[in-house]
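Just below is one structure, and these are the notes that go with it.
Bear in mind these aren't lab numbers, they're just calculated from the coordinates by the rules spelled out. Computed from a prediction, not measured in an experiment: that's the story for all the values here. Neighbour counts are summed over all protein chains in view; Cβ atoms, including those assigned to glycine, are modelled from backbone coordinates with ideal geometry.
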Amino acid sequence: LRCDVSKAQIGRILIQGEFSLGVSQYSVKQLMAAQHEHELIPEDGLFIHIDGFHMGVGGDDSWSPSVKPRYLLTAATYRWGFSLGPSN
């Protein structure tokens, strides 16, 4: 996962905006089912994940259950956008 991305080109596709980007050769279904990395089998094509918001992955250390309150995504209406088009 790459955070704070403003522009990315994947092949002939250009993505612009403010987003986080993940590209994988494994589907989310396969990643969730695998217990170990050696169980993953590369699939045809790429799985592209474009996200507008992330809550974070944990506290200040590995044993804290959540992120600091200022980084929490609360139940609210969020507006976000990005553009997807051909690269030049």
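Cβ under 15 Å from Gln25's Cβ, Gln25 left aside: what net charge do those residues give with Lys, Arg +1 and Asp, Glu -1? Walk me through the numbers before you get to the answer.
Values: positive: Lys29; negative: Glu37, Glu39, Glu43, Asp44.
Every neighbour counted, the sum reads -3.
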| message | Calculate the FRET efficiency for Ile13 and Leu40 from the Cβ-Cβ distance with a Förster distance of 25 Å, rounded to the nearest 0.05. | response | 0.55
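Based on the alpha-carbon gyration tensor of the chain, what equivalent-ellipsoid semi-axes (square roots of 5 times the eigenvalues) come out, in whole Å, largest first? If you can, show how the numbers build up before the last one.
On the way: eigenvalues 130, 105, 22 Å².
In descending order, the three semi-axes are 26, 23, 10 Å.
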| task | Grab the DSSP H runs of the chain that are 4 residues or longer, score each as -39,500 (n - 2.57), total them, divide by all residues and round the 222 nm result to the nearest 500 deg cm²/dmol. | result | -1500 deg cm²/dmol
